[in-house]
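First the structure, in the form of structure tokens, and then the observations on it.
The values are calculated or read from the model by the stated rules, or taken from the named source; none is laboratory data. In this text, all values refer to a predicted model and were calculated from it rather than measured experimentally. Reconstructed Cβ throughout: ideal geometry from the backbone, glycine too, with neighbour counts over all protein chains shown.
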Amino acid sequence: MKNYITDSSRISPELLEKVKKLKHIALDMDGTIYNGTTLFPYTISFLNRLKRLGVSYSFLTNNPSKNISDYLKKLEKLGIPVREEEMYSSATATIDYLKNKHPEVKKLFLLGTPSMIQQFEKEGYISTGDSAEDEPDALVVAFDMTLTYERLCRAAWWAKQGKLYVATNPDRVCPTDQPVVLVDCASIYSCIETATGRKPDIVLGKPQKEMLDGVLASRNLKPEEVAMVGDRIYTDMMMAYNADTFGVLVLTGEATLEEAKNADIELDMVLPSIEILGELIEYSHQKQENGKI
């Protein structure tokens with residue numbers, strides 16, 4: 001596989017030229033900088049290397065189970081100080097979608113964690129209870145690790161009643177370092193579809209290019225100056241493809257090398273980890289300084 005790079009000596013001049021253009025790295029989280037509760041040993045040095053080279057970065061996650069404040073606390077606990085504007089989740093994307101496309105919506109039945117519900121309430125939305133009398137304007141289904149059978153049934157009921165129905169992300173499972181399968185949002189809304197025959201009206205988060213549009217606009221960047229780095233082909237790499245940015249698949253989470261070889265889209269670059277990406281970026285800068293690129 002020509003774009004599977006294990007060290008700087010294996011990169012083609014064409015790929016090296018693309019790496020040199022990068023000014024910003026948009027990073028997935030689970031499976032990319034950490035796995036579950038375990039920070040990869042090279043993550044801090046990778047981020048420090050980007051700072052030293054003058055390459056900015058932000059964190060994009062399809063996991064809406066934590067609000068932005070909780071994510072900042074988690075990253076700080078792991079030794080990664082992050083500003084609020086450097087953090088964007090599928091819950092944030094869902095809030096932006098509702099505000100921009102459905103400003104009339106005020107009350108939501110939120111199938112999500114208490115942390116996520118707090119984020120919606122902070123933005124002015126009213127979270128409805130598990131009651132047929134407490135009618136929402138719309139249904140939002142997310143990755144809910146606090147899921148109960150009763151609330152799943154209530155969500156299915158509102159889907160069946162024809163309410164505006166938004167899903168936060170298309171992930172089937174969430175990466176974890178524990179001996180368990182973490183059923184994610186797509187698996188939950190598939191359950192509702194089986195019960196009611198109804199799919200979400202829209203599924204947000206990656207691979208929707210809107211997840212990257214804010215990064216480009218806020219930093220006045222061109223697509224070729226941004227790399228989307230993640231461990232999933234059907235979300236991270238599809239979003240890079242949809243946004244016409246540089247996609248870097250890392251093999252530290254869900255995707256395997258075999259899956260990368262058989263991907264439906266052509267992958268820009270496949271790496272063992274973000275550690276190699278840091279080495280490649282520094283190598284491209286050194287080549288530039290030496291006048292060889």
Gly36 passes all but one of (1) modelled with pLDDT under 90; (2) in the same structural domain as Leu271 (by TED's automatic domain parsing); (3) within 30 Å of Ile265 (Cα to Cα); (4) over 15 Å from the mean Cα position of the chain (by Cα); which number fails?
(4)
Test set (1) more than 28 Å from Leu216 (Cβ to Cβ); (2) surrounded by 16 or more Cβ atoms within 10 Å (Cβ to Cβ); (3) of a type in the set (D, E, K, R) - Lys66 fails condition number:
(1)
Within segment 245-262, identify whether any single residue is β-branched (Val, Ile, Thr) and either in the same structural domain as Tyr165 (by TED's automatic domain parsing) or free of Cβ contacts under 8 Å to residues at least 60 places away in the same chain (or both), and answer yes or no.
yes
Could you tell me whether any residue of segment 260-270 is more than 15 Å from Lys18 (Cα to Cα), crowded, with 22+ Cβ neighbours inside 10 Å and of a type in the set (A, V, I, L, M, F, W, C)?
no
Failed condition for Ile80, given (1) in a helix (DSSP H, G or I); (2) touching a residue at least 24 places away in the same chain (Cβ under 8 Å); (3) surrounded by fewer than 20 Cβ atoms within 10 Å (Cβ to Cβ); (4) out of contact with any helix residue (DSSP H, G or I) (no Cβ under 6 Å at 6 or more places or on another chain)
(1)
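Suppose we keep only residues that are small (Gly, Ala, Ser) and within 23 Å of Ala217 (Cβ to Cβ) within segment 17-63. Which one would you say is surrounded by the most Cβ atoms within 10 Å (Cβ to Cβ)? I'd like the intermediate steps shown before the answer.
Going through segment 17-63, the residues small (Gly, Ala, Ser) turn out to be 26, 31, 36, 45, 54, 56, 58.
Narrowing the set further to residues that are within 23 Å of Ala217 (Cβ to Cβ) leaves 26, 54, 56, 58.
Numbers: Ala26: 27, Gly54: 8, Ser56: 16, Ser58: 20.
The extreme case among them is Ala26.
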Under the condition of being out of contact with any helix residue (DSSP H, G or I) (no Cβ under 8 Å at 6 or more places or on another chain) and acidic (Asp, Glu), which residue from segment 97-129 is surrounded by the most Cβ atoms within 10 Å (Cβ to Cβ)?
Glu121
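Taking only segment 1-28 into account, find how many residues are in contact (Cβ under 8 Å) with a residue 40 or more places away in the chain and not in a strand (DSSP E or B).
Keep residues of segment 1-28 that are in contact (Cβ under 8 Å) with a residue 40 or more places away in the chain, which gives 1, 3-8, 11, 13, 15-28.
This time we only want the ones that are not in a strand (DSSP E or B), so: 1, 3, 5-8, 11, 13, 15-23, 28.
Going through segment 1-28 one residue at a time, the tally reaches 18.
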Just checking, how many residues over segment 164-212 are aromatic (Phe, Trp, Tyr) and touching a residue at least 40 places away in the same chain (Cβ under 8 Å)?
1
